[in-house]
1. Give segment 82-96 a look and list any residue that's modelled with pLDDT of 95 or more, in contact with a His (Cβ under 9 Å, 6 or more places away or on another chain) and assigned to a loop (DSSP other than H, G, I, E, B), or say none.
2. Select from segment 97-108 the residues that are over 11 Å from the mean Cα position of the chain (by Cα) and in a loop (DSSP other than H, G, I, E, B) and list them in ascending order.
3. Which one is nearest to F21 (Cα to Cα) among residues in segment 68-81 that are over 12 Å from the mean Cα position of the chain (by Cα) and part of a helix (DSSP H, G or I)?
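The values are calculated or read from the model by the stated rules, or taken from the named source; none is laboratory data. Because the structure is a prediction, the values reported are computed rather than measured. Ideal geometry is used to build each Cβ from the backbone, glycine not excepted, and the neighbour counts take in all protein chains shown.
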Amino acid sequence: MISDFYCEQVLSEKIEVRKVFETENVLAYYHTKPAYEKHIVVIPKKHIPSLITITEEENALLLELLSVVKKVAADIVSECGACRVITNLGQYQDSKHLHWHLVFGNRK
């Protein structure tokens, strides 16, 4: 099991991803193994283990991250009519790198 799929595979470019939106510090891309009809992942390019480990010094990055989540979610709502925004913590979090899933449709 990969402990940080996003750093070890995506950000290191060991695997190719289809980008949706990108800033200097944030990447949004189509999930490599989508569980929903539309499934986009938004990650910080800096390693942050989870939402509850963000430090005060990382607040600007969190705001940038949420800005990208908001933009991509709005695009999904505009296209599909709805969107779920999901982040997992603790044992629910397979990869120990902060990330959001933006999804539409039923789970496959």
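1. Filtering segment 82-96 down to residues modelled with pLDDT of 95 or more leaves 82-87.
Add one more test, that the residue is in contact with a His (Cβ under 9 Å, 6 or more places away or on another chain), and what stays is 84-87.
Within segment 82-96, T87 is the sole residue that qualifies.
2. Our first condition is that a residue be over 11 Å from the mean Cα position of the chain (by Cα); within segment 97-108, this holds for 104-108.
Selection gives G105, N106, R107, K108.
3. So the first thing to find is which residues in segment 68-81 are over 12 Å from the mean Cα position of the chain (by Cα), and the list is 71, 74-81.
Going one step further and asking which of them are part of a helix (DSSP H, G or I), we end up with 71, 74-80.
Numbers: K71: 9, A74: 13, D75: 11, I76: 13, V77: 16, S78: 16, E79: 16, C80: 18 Å.
Here the answer is K71.
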